[in-house]
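The values are calculated or read from the model by the stated rules, or taken from the named source; none is laboratory data. This structure is a prediction, so every number in the text was calculated from the model and none was measured. All Cβ positions, even for glycine, are placed from backbone atoms using ideal geometry, and neighbour counts span all protein chains on display. Note: accessible area is taken over every heavy atom of the protein model, side chains too, but ligands, DNA and RNA are not part of it. Shrake-Rupley method; radii C 1.70, N 1.55, O 1.52, S 1.80 Å.
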Amino acid sequence: ARPFIVAIDGPAGAGKSTVSKVLARRLGFALVDTGAIYRSVALKARREGLAFDDDEKLGELLSRVHISFQVEGEDNHVFLDGEDVSGEIRTPENSMAASQVSSRPVVRAGLLSLQRRLALQAPKGAILEGRDIGTVVFPDADAKFFLEADPSTRARRRFEELFQKGVERSLEEVLADQIKRDQDDASRAVAPLKPAEDAVRLDSTIMPLSEVVRVLEQTILERM
Ligand code: C5P
């Protein structure tokens, strides 16, 4: 039988990463951070000086890119062509680039099999977090969730995260970037950000993330 597949989608800063990490650890599931995959492709495109709408060059880049994950202690590290880029992919510049690169159909199609393979090779189950897991990557996932929160709450979380990493960015700038990225992600032609019809929707504006984890874990255990 195939592993148990959990889809966690939602906008930036809704708490997907934190929740997915805790859940994966508690359930002994693999964690596939699909945003990190798009971010890694964006970083490679930036390093090579590609225009983010050059489909031909992006397609060629995808044919030779190698992305993998490795859990080290509490952290899930991302490797781009063998190099640990976990920190570098999360700068504000690279976030915006990831959003642009991910709007190209050639990029989305080219990364589908990688996302599915990383999940299906897990021995027990896999948690995939992203924007289109429940709608495109695994429409037949065993459990689907869509996490939301007020824009200002999400921006504050992202601001705190960047601050702790030493990235100097005002709350206003973080909010402006987030609004742009949300709009682009929700309005793109291919695989826009939207909840799957059969997704369980949770708003973490006032619900602590520990409570979100509890609800998700209970739902998953009931279906296993
Ligand atoms: O989740 P994260 O903020 O790391 O994702 C970075 C960007 O990658 C998003 O803004 C989105 O444009 C893109 N993305 C996507 N589909 C996914 C995951 C991420 O388009 N499944």
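Some notes on this structure:
- The chain, accessible area per residue, ligands and nucleic acids excluded (1.4 Å, Å²): 48 Å²
- Förster radius 35 Å - calculated FRET efficiency between Arg26 and Lys194 (Cβ-Cβ, nearest 0.05): 0.80
- Shape index of region 156-215: Rg/Rh, with Rg the Cα radius of gyration and Rh the Kirkwood radius from the inverse mean 1/r over Cα pairs, equals 1.05.
- Low-density loop positions, GluC sites (Glu not before Pro), region 1-81 - DSSP coil, at most 13 other Cβ in 10 Å: Glu48, Glu74
- Across the chain, the longest run free of exposed loop sites, meaning trypsin sites (Lys or Arg not before Pro) lying outside DSSP classes H, G, I, E and B with no more than 15 other Cβ atoms within 10 Å, spans 1-123.
- Within region 167-194, backbone nitrogen closer than 11 Å to the virtual label 7 Å beyond the Cα of Met96 toward Cβ: 174, 176-178, 180-181
- Think of region 92-146 as a dipole: +1 on every Lys or Arg Cβ, -1 on every Asp or Glu Cβ, centred on the Cα centre; then among Ser113, Gly130, Phe146, Ser113 lies furthest on the positive end.
- Net charge dipole size for region 114-204 [Lys, Arg +1 and Asp, Glu -1 on Cβ; Debye, nearest 20]: 300 debye
- Sequence-separation-based contact order of region 1-138, relative, with Cα cut under 8 Å and 6+ spacing, percent: 46 percent
- In straight-distance terms, cross-link reach from Lys57 covers every one of the lysines whose alpha-carbon lies under 23 Å from its own, apart from those fewer than eight places away in the same chain; here that gives Lys44.
- Model label points for Ser210 and Ser187, set 7 angstrom from Cα along the Cα-to-Cβ axis, are 4.0 nm apart.
- Under 19 Å from Lys194, Cα to Cα: lysines that are on another chain or at least 8 residues apart: Lys16, Lys144, Lys180
- Debye intensity ratio I(q)/I(0), log10, the chain, q values 0.13 Å⁻¹ (C-alpha model): -0.73
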